[in-house]
1. Which whole-angstrom value gives the distance between the alpha carbon centres of region 105-152 and region 170-186?
2. Between LEU37 and ASP102, what length in nm is gained on full extension when 0.36 nm per residue of separation is reduced by their alpha carbon distance?
3. Which distance in nm do the two modelled labels at ALA24 and THR118 give, with both placed 7 Å along the Cα-to-Cβ direction?
4. How high is the FRET efficiency from ARG130 to ASP88, r the C-beta distance, R0 25 Å, rounded to 0.05?
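Just so you know, all these numbers are worked out from the coordinates, no wet-lab data involved. Small disclaimer: the values here were computed from a predicted structure and weren't measured. Counting neighbours? That spans all protein chains shown, and the Cβs are built from the backbone with ideal geometry, glycine included.
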Amino acid sequence: MVPMAETVQDAALRPGLPSVDLLALQPGRVVGLEGPLGCGLTRLGLAMMAEAAGRGSIAYVDVRGWLSPPAVWELGIAPERLVVVRCDDPVTWGRVVGGLLDGMQAVFAEVPPPVKETHLRKLAATSRARRIPLVLRPVRGELPGGVANLRLATRQVVWEGTGEGFGRLTRRRLVVEASGKVMQGMVRIIEVEDHGTHVVRVVSGLGVAPSGRATG
């Protein structure tokens, strides 16, 4: 069965299904961003944090040392609202992120390998208890199942404006697969443009019924 494309408005109006509002951070929601480096997930995650930055300070835990503050400011996040902490040590990383969850409106944390699963689950529980949104971006691999309420995994990156290996880049489209507890058993394909604030289209996937206990 082929998924059917919907407009953004249709997706928002259909009862019982999560709308594109899932790209807006909610109190205590843990979002996992999974995909290859350089595909645009960091920009998408920061765009999701822009609203929280309007209420107070947000934090970015930079593992790779790649974050460009001007690129963050382009998303509407004021310089005085952005706290950047560089930490690539998997031993102290958990304590750093946990401390930031104490006083920030939202926290975006790159996840260095190898961080223990117990540390990730503890941070997720802290985020939910304190109702502080937490965005986790593994530098390599995926998050353990159940850590994130919402999982956004890269499906495709499309660059527009180039022909046969040449031309002027005009736009990037990032296609992500949305799954997790907040999706209520559904899978959504969401296509966003450029910095992630412009949703192009939403595609519904198939609902997957939870597996029962095998008998016989």
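1. 17 Å
2. Once the chain is fully extended between LEU37 and ASP102, it gains 20.6 nm.
3. Result: 3.9 nm between the two label points.
4. Once rounded, the FRET efficiency stands at 0.50.
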